[in-house]
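Below is one structure, written out as structure tokens, with a few remarks after it.
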Amino acid sequence: MKCIAFNLQSSTMNTYSKLALAATSVLCLSFQSNAQNVDQHDVTVTVDEVASLRVVDANASPSNGLTFNLTAPNTPGAAIDMVATQSLYLQYTSVRGTAPDNIRKITVDLVSGLLPNGVSLTLDPTVNGVGSCGNGVPVILSSSNSSGDIITDIESGYTGTASGDGSVIDYSLAYATANLDASTSGDITLRYTLSNL
């Protein structure tokens, strides 16, 4: 756009010339203020709701399970020694949805087999991760209890996928030698479920 600049040197400019100059200036300013072009477009962002979970060992490999051996004492008359605690890792990703599906939990269920008579299994979680990965709640499984909420108040977060990443679950057996029955040895299967409350 071009605007014409006027250099008035004559003092004898008549009224008509002054009016024409004023009209020209107004046209120039009016044209300049409307010289623009506008366009727009939409941007769509879709966020998937996520609830995924896996059980791994300390090396982030799929877990093959745990084995606890309650072995006979070396000295007659002694009780069976307590066995060492073992650990596995829960690695999970959660992206919450709208209420009421915005808070999640992880539940553990004993889905097959029975714990030997006189034995209980405590699962003690330590929650690790980035974001809102929840709060750990110890669960004691026994002949009278086969399930429990082990991690609650999960929102959006993730635990990582590398070795040592994840919420640690410590497994420990409790028993008294006098309550044991070798005929009840066997396997149990535990299932973890990440779900909305």
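Computed from the coordinates by the stated procedures, all read-outs in this text should not be read as laboratory data. All of these numbers come straight from a predicted model, not from anything done at the bench. Cβ coordinates were reconstructed from backbone atoms using ideal geometry, including for glycine residues, and neighbour counts include every protein chain displayed.
Placing a label point 7 Å from the Cα of residue 161 along the Cα-to-Cβ direction, the residues of segment 72-105 whose backbone N falls under 18 Å from that point are 89-95. Each of residue 95 and residue 72 was given a label point 7 Å from its Cα along the Cα-to-Cβ line. The distance between the two points is 5.8 nm. Between segment 107-150 and segment 33-60, how far is it from one alpha carbon centroid to the other, in angstrom? So the two Cα centres are separated by 35 Å. Its Cα gyration tensor gives segment 63-161 an equivalent ellipsoid. The semi-axes, each the square root of 5 times an eigenvalue, are 34, 15, 10 Å from largest down.
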